[in-house]
Amino acid sequence: MEINYKEKLKSIRTFIFDVDGVFTDNTVYLGSDGEQMRTANVRDGYAVQLAVKKGFQIVILSGGNSTGVAKRFDALGVKHVFLGAANKLDVFHRFLMEHQTDSMHVCYMGDDIPDYRVMKECGLACCPADAASEIKSVSHYISPYNGGKGCVRDILEQALKVQKLWMDDEGHVW
């Protein structure tokens, strides 16, 4: 019998996220100089920085290559940012080896075909509500939130709660 995703969240300490379609709504604004701009959800950012403070490894794995994206995650305390990843599975395997991490203790959230192979190999595969159907088919959990609209906060908050690292009944963060 398959273990439900909340049970899996109890042992997850590493979260790997795609950017476009997960942290963003897949919209890219094009400046007259060719610069690409994206929007980011502040609540997703709050959950990321809290998860980092609570000792989770947060990893960004994106095929895109934007200095704005790199700066955003640096400001949130994320130490592992891999941009311009042509082969996400290779980067995933290299990260696991370098950090002696078992793939079964990794949650990966992606939204489109380049994420598929990694999602098949991680312990907990998640996606936003508006992910591609192929990605939904391999996900253990589909967030009710779309990309860029709180799906990152959703999975991180759930993990922090099941590991008793979120808040107590009086509003104090554990």
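The values are calculated or read from the model by the stated rules, or taken from the named source; none is laboratory data. The structure displayed is predicted, hence computed values, not measured ones. So basically every Cβ, Gly included, is an ideal-geometry build from the backbone, and we count neighbours across all protein chains shown.
For this structure, a couple of remarks:
- In segment 28-60, of all residues being in contact with a Lys or Arg (Cβ under 9 Å, 6 or more places away or on another chain) and free of Cβ contacts under 8 Å to residues at least 24 places away in the same chain, the one that is farthest from ASN146 (Cα to Cα) corresponds to TYR29.
- Scanning segment 102-128 for residues that are more than 29 Å from ASP25 (Cβ to Cβ) and crowded, with 16+ Cβ neighbours inside 10 Å yields a single hit, HIS105.
- Filter result for GLY45 (surrounded by 15 or more Cβ atoms within 10 Å (Cβ to Cβ), touching an Asp or Glu at 6+ places or on another chain (Cβ under 6 Å) and either modelled with pLDDT of 95 or more or closer than 21 Å to PRO128 by Cβ (or both)): no
- Flag for ALA70 being assigned to a helix (DSSP H, G or I), touching a residue at least 60 places away in the same chain (Cβ under 8 Å) and of a type outside the set (Ser, Thr, Tyr): no
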